[in-house]
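Report on the structure given below.
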């Protein structure tokens, strides 16, 4: 961790130091400033909805990496390596250490549909080049309420911020795509899953703050893992315009491991 190079795994102190010393590209500087302002600032007189995230950034707990492309194979394979490195080390850093990934913005603005495509291309590539088999206890069908994305044998919740959000500012990033990876084990360690009293209280607080912060009702797809009727995959990147968002999950999951070479991009 904290090795030289754009795509290293960095703690918050190292990222901030590189930004202020001029060792980070302008787009990484812009991402960090936007992320910090979004998590630590207020909107409509309300703090950022996820109080766990706010406290985590205040205390310097997240880990970070920067990805120079949303589509280049080498960049995404390096991202896979950084996620695996993160999964192997985050508990030693902090029990609330999520992985925040900043992607280099495109040369020209993209539509909402293009950002949805980019997200699922990234996740599909990570799956095809996974170092571990898909967990036996996680379904492969995204239409199952117990499905969620996995990598390195770990179920996780990747949540996005992107430039196309006009009303849901809690998901807005003016720079480009940003994905925060949070292992399910992180929520379980904090005892804030949907099947706990603490988890339900946290959900109520976050939803109330979300409505105040965004100024609109929480998204219809907002739900909990494992709850009948709720689905994980639409929550990774909420739609702003339903006509531009996928109606079915655009990822193909297989338990075959390692993947046949013919299937790899």
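The values are calculated or read from the model by the stated rules, or taken from the named source; none is laboratory data. Being a predicted model, the structure only gives us computed values, none of them experimental. Cβ: placed from backbone, ideal geometry, glycine included. Neighbour counts: every protein chain shown.
Condition check ((1) more than 17 Å from residue 231 (Cα to Cα); (2) over 16 Å from the mean Cα position of the chain (by Cα); (3) in contact (Cβ under 8 Å) with a residue 24 or more places away in the chain; (4) part of a loop (DSSP other than H, G, I, E, B)) across all residues:
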| site | (1), (2), (3), (4) |
| --- | --- |
| 102 | yes, no, yes, no |
| 115 | yes, no, yes, no |
| 122 | yes, no, yes, no |
| 126 | yes, no, yes, no |
| 148 | no, no, yes, yes |
| 155 | no, no, yes, no |
| 161 | yes, no, yes, no |
| 176 | yes, no, yes, yes |
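Taking the residues in the stretch 221-238 that are assigned to a loop (DSSP other than H, G, I, E, B) and in contact with a helix residue (DSSP H, G or I) (Cβ under 9 Å, 6 or more places away or on another chain) as candidates, determine which candidate is modelled with the highest pLDDT.
Within the stretch 221-238, the first condition is being assigned to a loop (DSSP other than H, G, I, E, B), and the residues that meet it are 221-232, 237-238.
Next, from what is left, pick out any that are in contact with a helix residue (DSSP H, G or I) (Cβ under 9 Å, 6 or more places away or on another chain): 221-225, 237-238.
Details: 221: 55, 222: 64, 223: 58, 224: 63, 225: 56, 237: 96, 238: 90.
Selected residue: 237.
Among the residues of the stretch 68-86, write down those that are surrounded by fewer than 21 Cβ atoms within 10 Å (Cβ to Cβ) and either under 14 Å from the mean Cα position of the chain (by Cα) or not in a helix (DSSP H, G or I) (or both). Spell out how you get there, then give the answer.
Residues of the stretch 68-86 that are surrounded by fewer than 21 Cβ atoms within 10 Å (Cβ to Cβ), as a first pass: 68-69, 71-75, 77-78, 80-81, 84-85.
Selection gives 68, 69, 71, 72, 80.
Check whether at least one residue in the stretch 94-103 is within 13 Å of residue 253 (Cβ to Cβ) and either out of contact with any helix residue (DSSP H, G or I) (no Cβ under 9 Å at 6 or more places or on another chain) or surrounded by fewer than 17 Cβ atoms within 10 Å (Cβ to Cβ) (or both), and report yes or no.
No, the stretch 94-103 contains no residue that is within 13 Å of residue 253 (Cβ to Cβ) and either out of contact with any helix residue (DSSP H, G or I) (no Cβ under 9 Å at 6 or more places or on another chain) or surrounded by fewer than 17 Cβ atoms within 10 Å (Cβ to Cβ) (or both).
Residue 33 versus (1) in contact with a strand residue (DSSP E or B) (Cβ under 6 Å, 6 or more places away or on another chain); (2) within 21 Å of residue 160 (Cβ to Cβ): which is the lone unmet condition?
(1)
Given the criteria closer than 15 Å to residue 173 by Cα, out of contact with any strand residue (DSSP E or B) (no Cβ under 7 Å at 6 or more places or on another chain), in contact (Cβ under 8 Å) with a residue 40 or more places away in the chain and crowded, with 17+ Cβ neighbours inside 10 Å, does residue 109 qualify?
For residue 109, the condition - closer than 15 Å to residue 173 by Cα, out of contact with any strand residue (DSSP E or B) (no Cβ under 7 Å at 6 or more places or on another chain), in contact (Cβ under 8 Å) with a residue 40 or more places away in the chain and crowded, with 17+ Cβ neighbours inside 10 Å - is not met.
With crowded, with 19+ Cβ neighbours inside 10 Å, at pLDDT 90 or above and over 19 Å from residue 39 (Cα atoms) as the only criterion, which of 178, 154, 242 stands out? Quick ask: steps written out before the conclusion?
On the way: 178 fails: over 19 Å from residue 39 (Cα atoms); 242 fails: crowded, with 19+ Cβ neighbours inside 10 Å.
Sole residue among the options that is crowded, with 19+ Cβ neighbours inside 10 Å, at pLDDT 90 or above and over 19 Å from residue 39 (Cα atoms): 154.
Only residues that are part of a helix (DSSP H, G or I) and either on the phi > 0 side of the Ramachandran plot or under 21 Å from the mean Cα position of the chain (by Cα) (or both): list them for the stretch 7-26, please.
12, 13, 14, 15, 16
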